[in-house]
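We did not get these values from a lab; they are worked out from the coordinates using the rules stated. Just so you know, these numbers come straight off a predicted model, no measurement behind them. Positions of Cβ are generated from backbone atoms using ideal geometry, with glycine treated the same way; all protein chains shown enter the neighbour counts.
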Amino acid sequence: MTKNLDLPEIIPVFPLPGALLLPRSRLPLHLFEPRYLAMLEDALKTPSRLIGMVQPNRIPGRDEGPGLHTIGCVGRVTQFSETEDGRYMITLTGKSRFRLLEEVEGFTPYRRARVSWAGFERDMGPEDADPGFDRTAFMNLLSRYFSARELETDWQSLKEAEDELLINSLSMLLGFEPEDKQALLEAPSLSTRRETLVTLIEYALRGGDSEDIMQ
């Protein structure tokens, strides 16, 4: 599993609600807080340049700050540029999901965690396939969703995209709730992620105010 990239036992983690990173996908990020600038600086000093993305998991009745979901995805810093005022625009390329075992105390201003990569070996392999994907029906559903939300997109690019790129990109970009994003992340295969995505889109359409949305 580690033949293409060293996956360490301890990684920096970036808790960001609603930000979803998936294996073999790219996530642009804007870093400006001092602790995350320090995180980037430290990551760039390592050969793997890895940063783990994870969803905060707020626990009702607790005020001491958010916990973290147990499943996240690590990305390699593949692009970065500095602005004149010291902020950074970076791109993370997703490599593998991980299971968070425990947070690691230390002297860094950002959070770190001990993680396990077991069970996510397929993430480091070739693109996943979705044999049961009905692209025509999916695109029709997507068209209804974009119309209901008054969103615009490059439909030609969507039509030409490979199955994994299409499903993963929409999972990352569409405006679902953080818990829904977590469900998409934890889907064990591309097929189950697509099924989850369809369920979320259909639910959003049924929840619209217009009768036209529900038809």
For n ≥ 4 DSSP H runs only, could you compute -39500 (n - 2.57) per run for the chain, divide by its residues and tell me the 222 nm figure to the nearest 500? -10000 deg cm²/dmol
If amide H atoms are modeled at 1.01 Å from N in the peptide plane, then the residues at a separation of 5 or more from F98, or on another chain, having amide H under 5 Å from its own are G72, C73, V74
Quick one: grab the alpha carbon gyration tensor of segment 126-185, order the square roots of its eigenvalues as a ≥ b ≥ c, and give me rounded if a/c is under 1.5, else prolate or oblate depending on whether a/b is larger than b/c. oblate
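Counting other C-beta atoms within 10 Å, which of H30, H69 has the fewest, and how do the rest follow? Let's see the in-between values first.
Working: H30 10, H69 18.
Fewest-to-most ranking of H30, H69: H30, H69.
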Please give every one of the aspartates and glutamates within straight-line cross-link reach of K45, meaning a C-alpha to C-alpha distance under 18 Å, and leave out same-chain neighbours fewer than 8 residues apart. D6, E9, E82
Regarding segment 1-140, what are the three Cα extents along the principal axes, ordered largest first, in Å? 49, 42, 36
Starting from 0 in steps of 10 Å, tell me what percent of the Cα-Cα pairs of segment 157-196 lands in each bin. 31, 55, 14
